[in-house]
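Below: the structure, in structure tokens.
Coordinate-derived values only; no laboratory data. All values reported here derive from a predicted model rather than from experimental measurement. Here the Cβ positions follow ideal geometry from the backbone for every residue, glycine too, while neighbour counts run over all protein chains shown.
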Amino acid sequence: MIQRIDHLGIAVRSIDQALGFYRDALGLTVDHIETIEEQKVKAAMLVVGESRLELMEPTDPAGAVGKFLETRGEGLQHVAIGVDDLEAALAQARERGARLIDEKPRVGAGGALVAFIHPKSSFGVLIELVQRGKGSVAHG
């Protein structure tokens with residue numbers, strides 16, 4: 001059911017400033033930049049082999065990334081794990097005692113289906129489960 005680490009989410013105050021390091025200093029390629037209104041975030045996906053780094057800049061300080069920056073500062077915000085069937089992965093996690101933030105999948109960056117597992121279930125790490133379809137960015 002689990003395919004790979006899909007991406008690592010990094011909370012930043014400014015995508016433009018962060019690109020000065022990740023794109024310019026490290027030489028990573030920007031796959032795409034988009035605003036995800038539902039999650040109150042602007043996201044830049046950078047290619048790292050078959051995985052991605054997702055730079056996330058809040059568009060609203062009341063959103064999850066805005067709150068994360070306020071309490072923890074910039075840095076690793078979540079680990080995203082690619083799954084082939086998100087509904088089944090959520091059901092399995094729920095049955096095995098995981099505390100879910102999202103009971104049902106929603107649309108995330110690149111058009112993928114996503115759902116989050118609460119960090120209290122995963123030893124302090126916010127886990128995002130990601131199912132990419134044929135229409136999503138970075139499928140495959």
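Okay, here's what the table says:
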quantity: Within a Gaussian network of the chain (alpha carbon springs, distance under 10 Å), most fluctuating of 14, 122, 51; calculated: 122
quantity: Sequence-distant aspartates and glutamates (8 or more away, or on other chains) whose Cα lies within less than 14 Å of residue 40; calculated: 57, 60
quantity: As computed over the stretch 1-113, the Cα convex hull volume per residue (Å³); calculated: 107
quantity: Residue-averaged [θ]222 nm for the chain, counting only DSSP H segments that reach four residues, each worth -39500 (n - 2.57); calculated: -4500 deg cm²/dmol
quantity: Tilt relative to the chain, helix 86-95 - C-alpha long axis, 0 to 90 degrees, to 10; calculated: 60
quantity: Set of aspartates and glutamates near residue 104 by C-alpha distance (under 13 Å), chain-local residues within fewer than 8 positions excluded; calculated: 85, 87, 128
quantity: Rh by Kirkwood over Cα pairs, then Stokes-Einstein D for the stretch 1-41 at 0.890 mPa s and 25 °C, µm²/s; calculated: 200
quantity: Relative packing of 123-129, 67-73, which averages over residues the other C-beta atoms within 10 Å, highest first; calculated: 123-129, 67-73
quantity: Mean Cα-pair separation over length for the stretch 1-77, i.e. relative contact order, pairs under 8 Å, 6 or more apart, %; calculated: 37
quantity: Normalised contact order of the stretch 2-131, rounded percent, pairs of Cα under 8 Å and 6 or more residues apart; calculated: 26
quantity: Charge dipole of the chain about the Cα centre (unit charges at C-beta), most positive-ward option of 47, 66, 119; calculated: 119
quantity: Most fluctuating residue given options 117, 101, 81, as computed from a GNM of the chain linking Cα atoms under 10 Å; calculated: 101
